[in-house]
Amino acid sequence: MSFLRTILLVLRKDLVVELRSGEILYTTAFFAVSCVLVFAFGFVREGRDLQDVAPGILWIAIAFSGTLALGRTFERERQSETLRALIVAPVDRPALYLAKLIGVTTLMAAVELLIVPLAALLFDAPLFRHALMTAALLAAGTVGFSAVGTLFAAMLVRARSRDVLLPILLYPLTVPVIIAGVRGTAALLQQPEPDLAIARMWLSLMVSFDVVFITLALWTFEPLMTD
Amino acid sequence: MAMPRWFAPLTVVVAAMFAYAPISIANAPIESTMLLVQKIFYFHVPSWFVMFSGAFLCAGASVRYLTKGSREADHYAITGAELAVVFGLIGLITGPLWGRKAWGVWWQWDVKLTLALVVWLSFVAYLLLRRFGGPGSEKLAAAVGIFGAVNIPFVYYSVNWWRTIHPKTSVVPTLGPGMRGTFWFCTLAFMLLMVLIAAMRVRLERHRALVNDLYLELED
Amino acid sequence: MDFDTLTFTDVTRNFGRRRALNRVSLTCRAGELVALIGPNGAGKSTLLAIAATLLKPSAGRVLYGKHSAADGGAALRARIGLLAHDLFIYPELSAFENLLFFAELHGVAQPRRAAEDALTRANLATRRDDPVASFSRGMRQRLAIERAVVHSPRLLLLDEPFTGLDDDAVRVTSERLRSFRDQGAILLVTTHDLEAIEPLANRAVVLASGRLTPIAASGGLRESYRRAMSAS
């Protein structure tokens, strides 16, 4: 069974399962919205220009809800031990990793479609001024976060204390992504002129992060999932 | 399992070096801007060297553990991680102490300090995983060790760019001629101390593995 | 790639300071159903996991014909079917969708056809499009067995297939296993239900504290088991 076909098959199955119940999508989306609101309440002050904190709040919400989505996605595979069935199947194990990665990234993209306009609205932040660049930053950052997160969530499936261990492992390792995402977005929101050069610089950092860590994950996935 | 032959003599050497170190530090020239407080730097920076050495040891051993399944490699991996965390902690405590006296604030997102903090957290996570992850967590932790080390350049660049866009409020002193001798002396002392501790720690792990093997033989 | 024997040679598996399997040697042949019985925690699931290539032995070898798990790779896994207590089916998908997914995943030649046939054999054709979450335990079991064999594996590994089934379901499951055995598959089945497995088993082995002892399969399996357990 070819590599690409495996990815498409597992991805399609995941999307069908998720679309049927919508459980992970709705709960993650609502959680992300709550995150944005809670942080907004935390930082609101009379006359304070909220634009400064908008990128920070946005990316923290992405990080927190991303962790939740990752945990829930693999919890689902844990329930009937279907992850085992996938690993025993005659497919390339790294293809399973990629399928899960794409699935989680797609889910997070849907969540971001909700909270980015929300943040733009609540904080009067012109996030759509350079929509393409903003989208690129969000995409590269989400992929980077999910690349590390998918590997860790998969490997923790059979571990104890997996719920709390996932964020403990994930956050220090995704610091570059968060910094790049926040600063890149902030550069685009800058008044009076957005700094496209800086944003591009952050984007290139994120893209190299993505390439390096996806490669690393593809290499370590199989030895980690079989004992 | 006896300690290697060089262990006892090296212990004597390291003890002597640390006994002499305060003298060397006291004799080193006083730095003009930060005066006496700058001298913490002779222990602060070598601690970082040990932390990063520990991190790379952990990562290298983890690669070997994942690819070859060598149990010995796992011993070195956890040794590296513990060294990184302990000496990183020394660095994280001495850093703010220095910063408070030198610049008036405990912490101000200095590039190197922030990088060290993030790397330190990655290896604390490694240890937490091994401790609380249940059986089989050695292999999972190996992935964390590798990712943590590979992450270092990314963290460095991202924090560096983050800080250069905002003006730096600190100036790390360049080494004056008289200071260099003391600095490298202390660095050597710390690195040799690291070797000693690593030897002891690896031996402890080997003994643990031996006890496990004995338990297994009991079942035969 | 095909094979007609599964051979364990001095297989040992340790977990930390616990020896789950202690120099287990066993050969299973095509057309044979080997019953693997023993108390809980004896290592039965571990042995099955090793046979399924999910775990590597700490010592010893496992050979599928002449191939090992390492050189067999994906082609070898295509000839293995695994059914464990957790059934490996997606509750959100329908019966047909589950079968189709696993048929496609295993590279079955005509997946839709295979899925339809499997559905009929599981006697679930009427519940084709219902989500599995709505099925009873017995129905899920029937579906899970068909899922495990949809790709016509040579080696079938079953971990406690009779758990939680009523007499009817046990009978249906037994029939299915018998027909599979008669078609030339190698079956390695762990179970506590000695009455159910006795008419099916060609051979029986007891796994206790990680050690394997063969016992007589016919003429009172329970008696042989009891004798073997009191001897150890």
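Readers should treat all values here as calculations from the given coordinates under stated rules, not as data from a laboratory. Model, not experiment: these values are computed from the prediction. Quick reminder, even Gly has a Cβ in these numbers, built from the backbone with ideal geometry, and neighbours come from all protein chains shown.
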Efficiency of FRET from Cβ geometry, residue C:109 and residue C:202, R₀ 41 Å, rounded to 0.05:
0.85
For the pair residue B:188 and residue B:89, the simple spin-label estimate (label points 7 Å beyond Cα toward Cβ) gives in nm 3.0 nm
Using the Cα gyration tensor of the protein assembly as shown, with a ≥ b ≥ c the square roots of its eigenvalues, what is the shape: rounded (a/c below 1.5), prolate (a/b larger than b/c) or oblate (neither)?
oblate
Any idea what the dipole of the protein assembly as shown comes to, in debye rounded to 20, about its Cα centre with Lys/Arg Cβ at +1 and Asp/Glu Cβ at -1?
1400 debye
What is the diffusion coefficient of the range A:1-126 in µm²/s, taking the Kirkwood radius over Cα pairs and the Stokes-Einstein relation at 37 °C with a viscosity of 0.692 mPa s?
204 µm²/s
In a shell of Cβ-Cβ distance under 10 Å around residue A:76, excluding residue A:76 itself, what net charge do Lys and Arg (+1) and Asp and Glu (-1) give?
-4
Per-residue ellipticity at 222 nm attributable to helices in chain C (runs of n ≥ 4 DSSP H, -39500 (n - 2.57) apiece, nearest 500 deg cm²/dmol) works out to -10500 deg cm²/dmol
Förster radius 30 Å - calculated FRET efficiency between residue B:105 and residue B:49, Cβ distance, rounded to 0.05
0.75
Of B:68/C:66; A:100/B:112; B:139/C:44; B:68/C:44, which sit over 29 Å apart, Cα to Cα?
A:100/B:112
How far apart, in nanometres, would the label points at residue B:8 and residue A:219 be if each is projected 7 angstrom from Cα along the Cα-to-Cβ direction?
4.4 nm
Going from the fewest other Cβ atoms within 10 Å to the most, one would list C:142, C:18, A:129 as A:129, C:18, C:142
Using alpha-carbon coordinates, inclination of helix C:95-105 to the longest axis of chain C, degrees:
60 degrees
Backbone HN-Hα couplings from phi across the range C:83-92 [Karplus 6.51/-1.76/1.60, Hz, Gly and Pro as x]
9, 10, 4, 7, 6, 6, 10, 8, x, 7
Report, by chain and number, residues whose modeled amide H sits under 5 Å from the one on residue A:190, excluding near sequence neighbours (fewer than 5 apart, same chain).
A:195
How much length would be gained if the chain were fully extended between residue B:160 and residue B:70, taking 0.36 nm per residue of separation minus their Cα-Cα distance, in nm to one decimal?
28.7 nm
Taking amide hydrogens as modeled 1.01 Å from N in the peptide plane, which residues meet the under 5 Å criterion relative to residue C:81, leaving out close sequence neighbours?
C:155, C:156, C:157
Residue-wise, which Karplus ³J(HN,Hα) couplings in Hz belong to the range B:195-201, taking 6.51 cos²θ - 1.76 cosθ + 1.60, θ = phi - 60°, and x for glycine or proline?
4, 4, 5, 4, 4, 5, 5
How much net charge surrounds residue B:78 when only the other residues with a Cβ under 14 Å from the Cβ of residue B:78 are counted, with Lys and Arg +1 and Asp and Glu -1?
+4
The exposure ranking of B:82, A:112, fewest beta-carbon neighbours within 10 Å first, is B:82, A:112
Calculate, for residue C:213 and residue C:74, the FRET efficiency according to 1/(1 + (r/R0)^6) with r their C-beta to C-beta distance and R0 41 Å; round to the nearest 0.05.
0.75
Dipole magnitude of the range A:3-225 about its Cα centre (Cβ charges: Lys, Arg +1; Asp, Glu -1), debye to nearest 20
640 debye
Among C:138, C:82, C:177, flag the residue with its Cα farthest along the positive direction of the charge dipole of chain C, charges on Cβ as +1 for Lys/Arg and -1 for Asp/Glu.
C:82
Signed unit charges on C-beta, dipole axis of the range C:139-231, positive-most listed residue C:212, C:150, C:202
C:212
